[in-house]
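Have a look at the structure below, then the notes.
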Amino acid sequence: MKRVSHEPGYVLHHYDWSESSLILEIFTRQYGRVALVAKGAKRPSSSFRPVLLPLQPLRLSWGGTGEIRTLKGAEWGGGLVMPSGEALLSGYYANELLLRLLAREDPHQRLFDSYAALVHVLASQAGELVVGPALRAFELLLLRATGHLPALGLETATL
């Protein structure tokens, strides 16, 4: 059984798995996108319930060898306010891009750092003048890291 402790990460999305459990899609620095099951996370008394929020820095611990590992611990990384309004929608958009473009367990440390910086900008409530450029920069880095960015210095008609 592989065990990981105190790995920095973010919740990208969660799905109901059973009456009391969730399946989480998380993005971590060393392991990339990972699927975890949080057993009992929907119970009112669960220690996971107030912590497993999107766009919040976390320290995650998990174990297991299958495609979906078992979450053992989650601690809030602190320091950020939950974005609201347009910033929140931009954060959900960035999460959706990561879900669609990243393969599981394909680490991208530079992309993780860029995502963390974007989340920090979104939480700062700086307004659209700052959020827009930060989101565009993240999109470009994501497209480059996943191999989807075409050569922007060439024209197809004239090369």
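Some points to look at:
- 15 Å Cα-Cα reach of K39 towards aspartates and glutamates, excluding residues that sit fewer than 8 places from it in its own chain: D16, E19, E25
- Annotation note: GluC sites (Glu not before Pro) in the stretch 40-145 located in DSSP loop regions with a Cβ neighbour count of at most 15 within 10 Å are E67, E105.
- Modelled label positions at A117 and T70, each set 7 Å beyond Cα in the direction of Cβ, lie 3.9 nm from each other.
- Choice from V121, V130, V34 showing the highest fluctuation, given a GNM over the chain with Cα pairs closer than 10 Å: V130
- Each helix, a run of at least 4 DSSP H residues, gives -39500 (n - 2.57); summed and divided by the residues of the chain, these come to -10500 deg cm²/dmol at 222 nm.
- Helix 85-101 axis versus longest C-alpha principal axis of the chain: approximately 90°, rounded to the nearest ten.
- The charge dipole of the chain, taken about its Cα centre with unit charges on the Cβ atoms of Lys, Arg (+1), Asp and Glu (-1) only, comes to about 620 debye.
- Set of aspartates and glutamates near K2 by C-alpha distance (under 16 Å), chain-local residues within fewer than 8 positions excluded: E67, E105
- Each principal axis of the Cα cloud of the stretch 1-114 was taken in turn, and the coordinate range along them, longest first, works out to 35, 31, 25 Å.
- Spatially, the stretch 1-62 and the stretch 105-159 are offset by 24 Å when compared through their Cα centroids.
- Computed FRET value (nearest 0.05) for A151 with L101, which takes r as the C-beta separation and R₀ as 25 Å: 0.85
Values quoted throughout were computed directly from the atomic coordinates according to the rules given, and no laboratory measurement underlies them. Computed from a predicted model, the values in this text were never measured in an experiment. Here the Cβ is made from the backbone with ideal geometry for all residues, glycine too, and neighbour counts use every protein chain on show.
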